[in-house]
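Student: Below you'll find the structure I mean.
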Amino acid sequence: MTRWRSTLCSTGFLVFALLAIHGGLLAYSAWVHSPTYGEVNHLPAGLQHLHLGRFDLFRVNPPLVRMVAALPVAFSSPQTDWKNCDDSLKYRRDMAVGQDFLKANGERSLWFFLIARWACIPFSLLGGYICYRFAHELYGQTAGLLALLLWCFCPYILGHASLITPDAPAATMGITACYGFWRWLKRSTVWLAIIAGILFGLAQLTKTTLLVFYPLWVILWLFYRLPDRGSMPPGTWQRELAMLAGILFLGLVVINWGYGFEGSFKPLGEYQFHSTALSGIDSEAHPSHRMGNRFSSTCLASLPVPLPVNYLLGIDTQKWDFERKMLSYLDGEWRMGGWWNYYLIALLIKLPLGVWLLFLLAVGVSILTKGYSVSWRDELVLLLPVITILVFVSSQTGFSIHSRYILPMLPFLFIWMSKVGRCVSLQQWKVAGLAGVAVCWSVGSSLWYYPHSLSYFNELVGGPTNGHKHLLDSNIAWGQDLYFLKRWYDEHPDARPFHLAYFGLIDPRLVGIEFTVPPVASVAENCPADISSDAWGPLPGWYAVDVNHLQGARLIAADGMGGWQHLVRNNCDLTYFQRFQPVAMMGYSIYIYHLTHDMCVDPNETESAKP
């Protein structure tokens with residue numbers, strides 16, 4: 001008995017220590033990184049939800065994470081400006097309201113983003129703990145610790161859980177809800193059904209990707225119960241079916257509660273939609289925000305929709321985003337629309353190779369060795385969400401930009417892989433040795449590049465220094481390294497005048513960087529008529545170029561005068577900087593170049609061809 005208590009206490013200490021380390025890593029990462037592109041819009045939207053009780057800003061995702069992030073900011077008396085907060089059905093005003101927030105609060109806004117990030121860290125701590133509990137109950141104590149290790153040091157989690165965006169919290173709430181549902185499947189009591197229903201609703205308030213749980217939970221229940229139907233006492237099947245319906249209904253109530261029942265039960269025919277799926281208007285044939293409602297003249301028009309109005313409109317807007325397609329990037333290729341295998345490739349190069357080694361071990365022991373797997377039904381509770389989420393996000397091929405959309409499947413994968421931890425109790429030391437190598441490789445590789453976890457790429461592509469050749473945007477450069485650039489800028493007063501092409505919605509002047517945009521260049525012999533010769537590169541000087549612009553992304557950039565401009569036009573961009581060797585890197589997202597006069601002269605170019 002004493003030995004058992006000692007083991008329990010030591011395990012509890014390890015869990016606490018790992019979660020404390022994880023929380024510290026997240027808090028420090030939040031401190032040293034500037035607000036990312038998405039966060040600039042998320043925080044003001046959260047304040048709108050709390051101050052005005054409205055949910056039209058950033059409606060493409062539910063409001064739970066934004067509201068949690070905005071809570072400590074709301075108590076800090078921020079200045080708010082809602083003049084651009086348009087509640088009409090025009091497309092999106094998120095960016096305009098975000099810029100108004102920055103202008104109203106100046107440098108103080110940077111502190112607001114920091115405390116908002118810290119407020120979201122408990123989401124990730126909860127996610128780590130649920131990974132431990134779920135794996136422990138399925139595969140044993142060692143497996144629980146292994147699942148917790150995978151969560152706490154995963155670069156995907158470290159990169160995104162330190163932000164106020166909903167991707168990492170969705171992973172937490174998704175696995176938490178499924179853990180509650182699994183507990184109900186094991187012991188179908190009313191109390192567990194109520195908990196499962198509340199958790200289901202909270203998951204839906206985190207990210208719309210988790211809509212897949214509606215059919216998924218019904219399917220899981222059927223698989224879990226059908227084999228036992230013949231041996232069930234009379235009425236049990238009907239009782240459980242009623243409880244499942246109650247779980248889904250309670251989740252629906254929680255969704256409406258989270259929105260303050262805003263517009264709930266509005267008749268379907270009174271909506272105006274953007275997407276072809278709901279409007280009935282071909283978005284490609286009519287790309288100019290034309291709206292409609294395919295249900296308005298049907299018998300469904302009078303049907304009250306049991307959802308908040310902006311929840312449904314958010315789904316419609318997100319669907320429209322995918323339908324109209326966007327420019328996407330993968331492995332050096334730009335194209336309109338995405339790739340079906342984008343997320344598989346992203347996982348292959350953005351998860352540590354140690355994780356993949358552990359995955360292969362889990363597959364091997366599941367097939368070849370007894371004692372590692374649990375019942376097929378319990379395994380299905382983990383594997384079916386992985387497959388469903390992967391297939392769902394991969395099917396949305398309107399654009400392929402953000403691999404973070406796949407985060408909700410990771411905790412299920414980590415828990416299933418943690419079965420390898422059973423090698424200790426089975427005394428299979430060769431498997432234990434390989435597992436130890438895999439874990440050390442995974443944790444070591446992740447921490448080697450910390451705190452730049454958002455930019456992490458594994459050794460398969462040469463690490464994050466080569467990451468921008470494969471993926472861009474939130475995969476490597478989302479505006480997070482502006483503080484590192486500011487430090488370098490202050491330490492190099494000789495680097496003046498300073499030229500900067502920065503991808504982010506924070507004006508670099510807000511942190512004290514004075515700059516102008518770099519000159520663009522083209523493969524053409526002469527500069528276009530609308531570009532003056534003094535804006536035609538390469539020219540001598542000091543330059544900082546975000547890797548998105550380095551690869552020719554068509555993104556806006558601050559112009560150094562309080563405005564914004566596109567740096568890609570008339571076949572001109574900043575890709576010519578790829579010919580030069582950077583003298584420094586800010587994180588792995590901003591490259592510093594010092595071009596001399598000799599470097600800017602092309603020996604194969606005649607003087608008459610130069611502008």
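Computed from the coordinates by the stated procedures, all read-outs in this text should not be read as laboratory data. Being a predicted model, the structure only gives us computed values, none of them experimental. With ideal geometry, Cβ positions are generated from the backbone for all residues, glycine too; neighbour counts draw on all protein chains shown.
Student: Compute the relative contact order of the chain as a whole-number percentage, counting only Cα pairs closer than 8 Å that sit 6 or more residues apart in sequence.
Tutor: 14
Student: Mind sorting 585, 173, 409 by how few other Cβ atoms lie within 10 Å of their own Cβ, fewest first?
Tutor: 585, 409, 173
Student: To continue, here is another question. When the Karplus curve 6.51 cos²θ - 1.76 cosθ + 1.60 is applied with θ = phi - 60°, which whole-Hz ³J(HN,Hα) does each residue of the range 22-31 get, with x for Gly and Pro?
Tutor: In residue order, the calculated couplings are 4, x, x, 4, 5, 5, 5, 4, 4, 6 Hz.
Student: Work the Kirkwood hydrodynamic radius out for the chain: mean of 1/r over every pair of different alpha-carbon atoms, inverted, in Å.
Tutor: On the way: mean 1/r = 0.0383 Å⁻¹.
One decimal place: 26.1 Å for the Kirkwood radius.
Student: I need 391, 568, 547 ordered by Cβ neighbour count within 10 Å, fewest first.
Tutor: 391, 568, 547
Student: Sort 349, 556 by Cβ crowding within 10 Å, fewest neighbours at the top. Provide the component values of the computation, followed by the final result.
Tutor: Details: 349 21, 556 15.
In increasing order of surrounding Cβ atoms, one gets 556, 349.
Student: Taking the alpha-carbon distance from residue 83 and a cut-off under 23 Å, which lysines remain once sequence neighbours fewer than 8 residues away in the same chain are dropped?
Tutor: 103
Student: Which chymotrypsin sites (Phe, Trp or Tyr not before Pro) in the range 48-82 pass both tests, a DSSP loop state and at most 15 other beta-carbon atoms within 10 Å?
Tutor: Hits after loop and neighbour filter: 75.
Student: Let me ask something else about it. What longest region of the chain stays clear of trypsin sites (Lys or Arg not before Pro) that DSSP places outside H, G, I, E and B and that have at most 10 other Cβ atoms within 10 Å?
Tutor: 371-611
Student: Cβ under 13 Å from residue 406's Cβ, residue 406 left aside: what net charge do those residues give with Lys, Arg +1 and Asp, Glu -1?
Tutor: Numbers: positive: 207, 350, 404; negative: 167.
Combined, the nearby Lys, Arg, Asp and Glu give +2.
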